[in-house]
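Structure first, then comments.
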Amino acid sequence: MIPRSKLPGYHAIALLEKWEKEEKKKKYTEEDFARFKEIPHDVQMFEIPDAEKARHEVLDKFTNKKPWSDLSEYNRKVVQGAVDNLLAQVATTRWPTQSEIESKKVAAKDIPTDELRRTWYWIKVKLRDKWIPPDLKKRLIGLKELRDSNDYFIVRYEVDGNKIQIFDWKYLPIVIEPDSLRGQDEDAAEFAQRTAKKFLPINQDIEIESVIDYPKLNLSLGSLKYDISWTEAEGRRTFKKSFRIGWLSNGKAVTFFQGKDGADPITGGFPLRYLGGRNVVSEEEKQLLNQPHKKFQ
């Protein structure tokens, strides 16, 4: 058996344990807990657009308003793929109904402690501490096979006038409706950039990389980018790596689509989906990558 300290992702295990020790030493007051308020179950931060309306909007955007009948088979697939992607991104923002939650909710006694620890870790990695409730683990709702046979932890709350909604499964989309909405002189990408700087724990400069506007749907999507540099070999070699964050906005809220880009804090291994970044992936590995994400028995 490999010693923990020799695991490729041992740093993630050590960081989780460090945070847990720090958390035990903190003394929270009633005011600290009172900052975090419930959001009614029937509140949705995004409206799901009509599929046909979305197709027409994407068609106009990518084909200079050519009619569908004039498109080649290839271009029809491109347009439909863009529509499917847009609708899928919006669908990830939908908070489940109360009946869905009750029918799929996992009892607290059946939730593995390590799954709670794992989700708590990833939220701390992806969201500034200021916006995380002290009782986050108690707030997490475990849902079995919520969407496409995937298991989820979900949580949402309002803090200091900001609404925050998190879904943890293979990825970690975070929906944020800040207390200050998009300004009149602020475009969608600038709004996403400002929201990211306020809520995401990124200390590097965050740049706007791309944006696509769909005004008739009141939606925009794009990506932000930031770079991390470090030196090795006693300062003789400098490295730089770029990280990208996809986003979706309706002018009031922004969803940040973030992967779990690092080692697992429980096992010390790396997420299986990293195999997809290699040039060669076996059929067996592809099947594993496409398996539903399971948290609960």
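No value in this document is a laboratory result; all are computed from the given coordinates. Here the structure is a predicted model, which is why all the values come from computation and not from measurement.
Tell me which label goes with the value of semi-axes √(5λ) of the Cα gyration tensor in Å computed from the coordinates here: (i) 32, 25, 22; (ii) 52, 31, 16; (iii) 26, 23, 19.
(i)
Counting every Cα pair in the stretch 85-132, what percent are over 18 Å apart?
Of all Cα-Cα pairs in the stretch 85-132, 60 percent lie more than 18 Å apart.
What is the distance in Å between the Cα centroid of the stretch 200-268 and that of the stretch 26-66?
Between the Cα centres of the stretch 200-268 and the stretch 26-66 lies a distance of 19 Å.
Could you check which residue among Val175, Val43, Val83 shows the biggest mean-square fluctuation in a GNM of the chain with a 10 Å Cα cutoff?
Evaluated over the chain, the most mobile residue of the options is Val43.
Compute the angle between helix 51-63 and the longest alpha-carbon principal axis of the chain, please, reported from 0 to 90 degrees and rounded to the nearest 10.
For 51-63 against the chain, the angle is about 70 degrees.
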